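Working notes for the structure below.
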Amino acid sequence: MATENETTEEPLGDGDAGPASLGYGRDAVALDLLVLLAVPLGLLVVYALTTPDQRARLALYHADPELAEFLTAAYVHATPIHLRNNVLGFLAGAPMAYMLCLRARRRRWFHATTAALLVAVPVAVNLANYATLRLWYAGPAPTSSGFSAVVAATGGFVFVALLVWLRALYSRSTATFAGALVWLALATTFYVVHADAVDPLVLGAVGVSAALCVLALASGGDVPLRPDAGQLRRVAVRAVPVALVAVLLGTFVIGLFPQQTVRDGMFVNVYAHGAGFVLGVAFAGALEPLVEG
């Protein structure tokens, strides 16, 4: 029994725990969410209050780029449809990453990673676009713009945040096998979207791999599935975020990597989207051990 001078370590909260029970005040959480909301609002304001010529000057013009354009190009859009898709994508992904970080008690890690995604990812992806097109593209100099790479990076952040939360809640092995399940779901979604004909043998192999991951989760002892209604309910509740992340990232795969890469006469830069997702995973993974809390 603890005395008045002793403390007991509080277990990581369940999915229904509130911000206060995780050590964060409601005002701090509300401020974070307002800052997140300011990002898509800023994109909308830029589009609404600038002329096409002004947006063109902020976009990355590959023939004669200015240094600032490697960043500003991410925050302007050529069409309202492109803007709408990116706003919706960010609003779907960023709050999910935030809630997972709160559950893992890693709020400052969320702040650091989000800052990197908003600043470093656009610069890195646009630099890669510029270098690639300079080397291998012989046509007229294109212009690049849009927030899609950051949206894709947010998807990568969501994936890493899920693994960090599962590791904190259970163990590293649980995070590994649950992450493998999500990754298999994403790879299968990508395959089904892009394959001319779906091979049943491929889907069968994926199904076997998924079953092995489930068996590893069940037998590893990290998530004990005793025939107890309360235990099963808690496991089911904690499985909901995993399912939501899988659905969210599957939607990202369909939207960011379409089979038709030309829409309304504009090229959907799936390579930049892929680079954004990889950078989102890389920045989140690199900052996670460096930023406490």
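In the stretch 69-98, which residue that is surrounded by fewer than 18 Cβ atoms within 10 Å (Cβ to Cβ) and either among the charged types (D, E, K, R) or at pLDDT below 95 (or both) is nearest to Q54 (Cα to Cα)? Among those that are surrounded by fewer than 18 Cβ atoms within 10 Å (Cβ to Cβ) and either among the charged types (D, E, K, R) or at pLDDT below 95 (or both), it is T79.
State whether one or more residues within the stretch 147-167 are in contact with a helix residue (DSSP H, G or I) (Cβ under 7 Å, 6 or more places away or on another chain), among the basic types (K, R) and in a helix (DSSP H, G or I). For the stretch 147-167, residues in contact with a helix residue (DSSP H, G or I) (Cβ under 7 Å, 6 or more places away or on another chain), among the basic types (K, R) and in a helix (DSSP H, G or I): present.
Per this entry, L36 is not counted among residues that are open to solvent by less than 30 Å² (accessible area, probe 1.4 Å), of a type outside the set (V, I, T) and over 30 Å from R107 (Cα atoms). Remark: A115 falls outside the filter, which requires a residue to be more than 18 Å from V291 (Cβ to Cβ) and of a type outside the set (S, T, N, Q).
Restricting attention to the stretch 193-218, which residues are part of a loop (DSSP other than H, G, I, E, B) and open to solvent by less than 40 Å² (accessible area, probe 1.4 Å)?
Initial filter on the stretch 193-218 (part of a loop (DSSP other than H, G, I, E, B)): 195-199.
Answer for the stretch 193-218, where residues must be part of a loop (DSSP other than H, G, I, E, B) and open to solvent by less than 40 Å² (accessible area, probe 1.4 Å): just A195.
Which residue, of F157, F190, F177, is open to solvent by less than 40 Å² (accessible area, probe 1.4 Å), among the aromatic types (F, W, Y) and under 20 Å from the mean Cα position of the chain (by Cα)? It would help to see each step written out before you state the result.
Numbers: F190 fails: open to solvent by less than 40 Å² (accessible area, probe 1.4 Å); F177 fails: open to solvent by less than 40 Å² (accessible area, probe 1.4 Å).
Going through F157, F190, F177 in turn, the sole match is F157.
Pairs meeting the criteria (first residue in the stretch 14-41 and within 28 Å of A236 (Cβ to Cβ) and of a type in the set (A, V, I, L, M, F, W, C), second residue open to solvent by less than 50 Å² (accessible area, probe 1.4 Å) and at pLDDT 90 or above, beta carbons under 8 Å, at least 6 apart or on different chains) are A17/R103; L22/L102; L22/R103; V29/L102; L33/P95; L33/Y98. Within the stretch 46-68, the residues that satisfy the criterion of being surrounded by fewer than 18 Cβ atoms within 10 Å (Cβ to Cβ) and in a loop (DSSP other than H, G, I, E, B) are T50, T51, A63, D64, E66, L67, A68. If you check R105 against the conditions, is it of a type in the set (D, E, K, R) and either surrounded by 14 or more Cβ atoms within 10 Å (Cβ to Cβ) or in contact with a Phe, Trp or Tyr (Cβ under 7 Å, 6 or more places away or on another chain) (or both)? Yes, satisfied.
Assessment of the stretch 119-136 against the conditions (within 21 Å of L248 (Cα to Cα), in a helix (DSSP H, G or I) and open to solvent by less than 20 Å² (accessible area, probe 1.4 Å)) yields at least one matching residue.
The values are calculated or read from the model by the stated rules, or taken from the named source; none is laboratory data. The structure presented is a predicted model; accordingly, all values stated were derived computationally and were not measured. As a convention, Cβ positions derive from the backbone with ideal geometry for all residues, glycine included, and neighbour counts pool all protein chains shown. Ligands, DNA and RNA are excluded from the accessible area calculation, which covers all protein heavy atoms including side chains. Shrake-Rupley method; radii C 1.70, N 1.55, O 1.52, S 1.80 Å.
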